[in-house]
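Peer 1: Submitted below is the structure of interest, expressed as structure tokens.
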Amino acid sequence: MKWITAKLGEVTQVFSGTTPKSDNPNYWNGQNVWITPTDLGKLNNYLIVSSGRLITDRGINSCNLALIPKNSIVMSSRAPIGHLAIAGCDLYTNQGCKSFVCDKSLDHEFLYFLLQHRMPEIQALGSGATFVEISKTILSNFEISFPVSVSKQRQIAAHLKAQLAEVEKASKATEMQLVDAAHLTTRYRENAMAKLNDTSRVPLGDLLLGIEAGKSFKTTELQARPDELGVLKVSAVSWNKFQPQEAKSIEGHYQPNERHRVQKGDLIISRANTIELVGAVVRVAENYPLRLLSDKTLRLVVNTDKVLPDYLLTLLKWSEARSHIVNNATGTSDSMRNISQKTINTIPVPLPSIDKQQNIIKLSNDFNDELIKIHQNTKQTLADLALLPQKILAQAFEI
């Protein structure tokens, strides 16, 4: 198969776009598709047929916008460089895009995949102080290699489409494994709660020696270093495992009260967060003398004569406790809800024997260990699949 080399500007027409005056209502809300880098960035396939804003014929005429015909290649040339699509209809673009209209020697789908493969080189040619951009001149002079035979180009493009479609199919199937794992968690917790239906409930407050709150410290907006005092953000207790790095540094010098320091074994709950995360709870595995409870993070002081802390950790994540928390959370903001100590103290807790508590802890831990393995394996598979498209492109174009 014979390949030749040419500059992009020799085998395509390269077009820049522009923006009609934004404050002129006669130019907007029309019938013409007008593409920006943002539109390209939102695509989840290679065809683009719609845009966030539409322009009128008067808008087009006001700035002599060039028509980009169907089957042209549209690329974002700034903010960022590299979003790529095939025009699925006639359209126009703003100045953040460059478009390539192929001549008869070049198949448009072949060019799309070739530019995908060569995109790191194109991005490296960008320049600019405010934002990195690549010019029409540089793109016009960018050299590409392609088979002389257009039919061979189409064969390569068709083969790549089929291969990449299989990768996409595999990625979606793998992502569904994460969804299935979430459903599995829900079913496990529902089945476990069903086994406790006949167990009497007691208010959480009856199982605590108290609830200890932090205080509202004056902090900077900087993340606290591991070797300096830091006040916990609610994100420190949001994701099932204590995150000591999620803390803000304290402004000025401060000698904290010892009870505000995070200690090994602490059961910490958030009193303010989104509706999904308010009341999130974690158990601290070691001492963190440089991490302090805030007024939004509370320590549950467990009466270990009555209940095992790890049992409470498990139960507070399950549906009965979560429903109580969600139903009693207050606040008008969609982004932040609060729970009171009264709400925490009245959370219903099924209280079986200590032996049964230990059994529930073991089963829960075993299940969580398996779930972690599923997540790790699935995410590794997704990472591997994410690398496949460039490898496939490289095999097609590195001659």
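Peer 1: Can you list residues from other chains, or at least 5 along the same chain, whose modelled amide H is less than 5 Å from the amide H of Ser72?
Peer 2: Those lying under 5 Å, H to H, from Ser72 are Ala87.
Peer 1: Report P(r) for the stretch 3-148: all Cα-Cα distances, bin width 5 Å, range 0 to the bin holding the largest distance, values in whole percent.
Peer 2: P(r) over the stretch 3-148, rounded to whole percents: 2, 10, 20, 23, 19, 14, 7, 3, 1, 0.
Peer 1: Please list, in order along the stretch 292-299, the HN-Hα scalar couplings obtained from phi with the Karplus expression 6.51 cos²θ - 1.76 cosθ + 1.60 (θ = phi - 60°), rounded to whole Hz, x for Gly and Pro.
Peer 2: Each residue's phi maps through the Karplus curve to give 10, 5, 9, 6, 9, 10, 10, 9 Hz.
Peer 1: Right, something else. Please give the Cα centre distance for the stretch 122-136 versus the stretch 221-251, rounded to the nearest Å.
Peer 2: Here the two parts' Cα centres lie 37 Å apart.
Peer 1: What are the ³J(HN,Hα) couplings of the stretch 51-59, residue after residue, when phi is run through the Karplus curve with 6.51, -1.76, 1.60 and θ = phi - 60°? Round to Hz, x for glycine and proline.
Peer 2: Result, ordered by residue: 9, x, 10, 10, 10, 8, 4, 5, x Hz.
Peer 1: If you don't mind, there's one more thing I want to ask. Using a cut-off of 13 Å between beta-carbons, work out the net charge of the residues near Lys218 (Lys and Arg +1, Asp and Glu -1, Lys218 not included).
Peer 2: Charge balance in the 13 Å sphere: -1.
Peer 1: Expected output is a single nm value to one decimal: the length gained when fully extending between Asn303 and Glu10, i.e. 0.36 nm times separation in residues minus the C-alpha distance. What is it?
Peer 2: Gain on extension, Asn303 to Glu10, equals 97.5 nm.
Peer 1: Taking Cα atoms, how many degrees apart are the long axis of helix 108-124 and the longest axis of the chain, rounded to 10 and kept between 0 and 90?
Peer 2: It works out to around 70 degrees.
Peer 1: Mind checking the angle between helix 150-194 and the chain's longest principal axis? C-alpha axes, 0 to 90 degrees, to the nearest 10.
Peer 2: So the inclination is approximately 10 degrees.
Peer 1: So which aspartates and glutamates can Lys379 reach, going by Cα to Cα under 16 Å and dropping same-chain residues fewer than 8 places off?
Peer 2: Answer for Lys379, where 16 Å is the Cα cut-off: Glu168, Glu175, Asp180, Asp369, Glu370, listed by chain and number.
Peer 1: Also: Please give the length that would be gained between Lys161 and Arg118 if that part of the chain were fully extended, namely 0.36 nm times their separation in residues minus their C-alpha to C-alpha distance (nm, one decimal).
Peer 2: Full-extension gain reported as 13.8 nm.
Peer 1: Further question: Can you work out the PRE-style zone for Arg259? Point 7 Å along Cα to Cβ, and I want the residues of the stretch 205-234 with backbone N under 13 Å.
Peer 2: Output list for this probe position: 209-215.
Peer 1: Right, here's the next one. Within the stretch 254-362, how many Lys pairs sit with Cα atoms under 27 Å apart, leaving out pairs fewer than 8 places apart on the same chain?
Peer 2: 16
Peer 1: For helix 319-328, what angle does its Cα long axis make with the longest principal axis of the chain, in degrees from 0 to 90 and rounded to 10?
Peer 2: With rounding to tens, the tilt is 90 degrees.
Peer 1: Cβ neighbours within 10 Å, averaged per peptide: list 251-264, 10-23 in order, most packed at the top.
Peer 2: 10-23, 251-264
Peer 1: Same structure, new question: So for the chain, Kirkwood radius off the Cα pairs, Stokes-Einstein at 4 °C and 1.567 mPa s: how many µm² s⁻¹?
Peer 2: 50 µm²/s
Peer 1: Moving to a separate point now. Given H placed 1.01 Å from N in the peptide plane, which residues other than close sequence neighbours of Phe142 have an amide H under 5 Å from its amide H?
Peer 2: Leu8, Gly9
Peer 1: Return the aspartates and glutamates within reach of Lys2: Cα separation strictly under 12 angstrom, same-chain partners fewer than 8 residues apart disregarded; answer none if there are no such residues.
Peer 2: Qualifying aspartates and glutamates at Cα under 12 Å: none.
Peer 1: Further question on the same structure: Got a sec to turn the phi values of the stretch 351-363 into Karplus ³J(HN,Hα) couplings, 6.51 cos²θ - 1.76 cosθ + 1.60 with θ = phi - 60°, whole Hz, x for Gly and Pro?
Peer 2: Result, ordered by residue: 10, x, 5, 4, 4, 5, 4, 4, 5, 5, 4, 4, 4 Hz.
Peer 1: Multiply the residue separation of Val148 and Asn45 by 0.36 nm, subtract the distance between their alpha-carbon atoms, and state the gained length in nm to one decimal.
Peer 2: 34.3 nm
Each value in this text was obtained by applying a stated rule to the coordinates, not by laboratory testing. All of these numbers come straight from a predicted model, not from anything done at the bench. Here Cβ is always computed from backbone atoms with ideal geometry, including for glycine, and neighbour counts include all displayed protein chains.
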